[in-house]
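Asks: Quick one: this structure, given as structure tokens, is what I'll be asking you about.
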Amino acid sequence: MTENHQDTVSVTGTPTASRHQQRQQKLKEQVDQRIAAATQDKGLLLVITGNGKGKSTAGFGMVARSVGHGKTAAVAQFIKGSWECGERNLLQSHGVPFAVMATGFTWETQNREVDQTAAEAVWQQAELYLQDPAITLVLLDELTYMITYDYIALDRVLAALLNRPAMQHVVITGRACHRALIELADTVSEVQSIKHAFDAGVRVQQGVDW
């Protein structure tokens, strides 16, 4: 193997330090160009959907990040509100307000009227969050179900999102997000399930699942 070839590929076929540095420098230039081209500031709408575990966890992570930077956040929590929530325990102690549906899963209440009334109360509070320019980030946790079940009208949700303060960020979580919300969103992530311990008969674990 010639000295020139040694500078490109090692005997194992792995790029040498010199070749690796060239590739990383090219990558850095591409990233720097994209950063330089991103000059707009605005409040973002983020959607985290899909059938996998971790959507609410990701949403709460952004709330924690915002609070960690000294910014304000608020949470409207649908569906799971009857459970003790580790994130709520932590974030409320740091001044984050919560509006909680608190009726649990729809298959537990089995009462559409009760669920719809509870959803309406939480949404009314969420609308206040979405009108408050002092709130940097609003998490609408599991909101997608409320639209799917027709507990909250899609038009009301779209109007609230479109009319919110210009620099306010909103995170929406839940399965089967409506196409209109996906089209409106700035960033959409889909969480897919590959394996889940619950499907193998493992009970949900405190600190991991709730």
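The values are calculated or read from the model by the stated rules, or taken from the named source; none is laboratory data. Please read these numbers as outputs of a predicted model, since none were measured by experiment. Quick reminder, even Gly has a Cβ in these numbers, built from the backbone with ideal geometry, and neighbours come from all protein chains shown. Just the protein is used for accessible areas: all its heavy atoms, side chains included, with ligands, DNA and RNA removed. Shrake-Rupley method; radii C 1.70, N 1.55, O 1.52, S 1.80 Å.
Asks: Between GLN40, GLN33, which is part of a helix (DSSP H, G or I) and out of contact with any Leu (no Cβ under 8 Å at 6 or more places or on another chain)?
Replies: GLN33
Asks: Quick check: is even one residue across the range 42-62 farther than 19 Å from LEU140 by Cβ and either at pLDDT below 75 or more than 16 Å from the chain's Cα centre (by Cα) (or both)?
Replies: No, every residue in the range 42-62 fails to be farther than 19 Å from LEU140 by Cβ and either at pLDDT below 75 or more than 16 Å from the chain's Cα centre (by Cα) (or both).
Asks: Just checking, does the range 21-36 include any residue being open to solvent by 10 Å² or more (accessible area, probe 1.4 Å), in contact with an Asp or Glu (Cβ under 8 Å, 6 or more places away or on another chain) and charged (D, E, K, R)? If you could, list the steps in order and put the result at the bottom.
Replies: Within the range 21-36, the first condition is being open to solvent by 10 Å² or more (accessible area, probe 1.4 Å), and the residues that meet it are 21-36.
Restricting the remaining residues to those that are in contact with an Asp or Glu (Cβ under 8 Å, 6 or more places away or on another chain) gives none.
There is no residue in the range 21-36 that is open to solvent by 10 Å² or more (accessible area, probe 1.4 Å), in contact with an Asp or Glu (Cβ under 8 Å, 6 or more places away or on another chain) and charged (D, E, K, R).
Asks: I would also like to ask the following. Go through the range 71-93 and give me each residue that's in a loop (DSSP other than H, G, I, E, B), open to solvent by 40 Å² or more (accessible area, probe 1.4 Å) and modelled with pLDDT under 95. Don't jump to the end; show me each part of the working.
Replies: Residues of the range 71-93 in a loop (DSSP other than H, G, I, E, B): 71-72, 78-85, 93.
The next check asks that each one be open to solvent by 40 Å² or more (accessible area, probe 1.4 Å); those that pass are 71-72, 80, 82-84, 93.
Listed by number, the residues that qualify are LYS80, SER82, TRP83, GLU84, SER93.
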